[in-house]
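Right, one structure below, let's go through it.
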Amino acid sequence: MTAVTRLTTKHQTTIPVEVRRALKLQAGDHVEFSVEGGTVTLRKAEPRPSDDLVFRLIQTHAMRDWDTPEDDEAFRDL
C-alpha cells in the first residue's frame, strides 16, 4: 500500500486513513518512526512507562500554574 499526505507549515501531517486502519491505530496510540537510508518505517508502538509518567505529571501539576483569566490574558500571544 502507498499513501501520500502533505506537511503543514508546522511540519505536521495526518496519517492517512488506510494506514491507520492497516495498523489499527486509535487516537492516543503511540507510533514509532524508523529511518534507514532514504526509507522511513512507521509502526504502532507500545507506550514507554516514562512517556505516560511525564504526560500525567504535566496534566496534574504543571498546568495548575496557568489556570486564571489573568494568565490567559498575559500569555494570549504565545
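The values are calculated or read from the model by the stated rules, or taken from the named source; none is laboratory data. For clarity, every value in this text was computed on a predicted model and none was experimentally measured. Neighbour counts run over all protein chains shown; Cβ positions are idealised from the backbone, glycine included.
Just checking, does the stretch 18-26 include any residue being among the charged types (D, E, K, R), assigned to a loop (DSSP other than H, G, I, E, B) and at pLDDT 90 or above? Within the stretch 18-26 (the criterion being among the charged types (D, E, K, R), assigned to a loop (DSSP other than H, G, I, E, B) and at pLDDT 90 or above), the answer is yes, since at least one residue qualifies.
If the requirement is being at pLDDT below 75, part of a helix (DSSP H, G or I), surrounded by 10 or more Cβ atoms within 10 Å (Cβ to Cβ) and more than 16 Å from the chain's Cα centre (by Cα), which of these qualifies: Asp71, Asp51?
Details: Asp51 fails: more than 16 Å from the chain's Cα centre (by Cα).
Unique residue meeting the criteria: Asp71.
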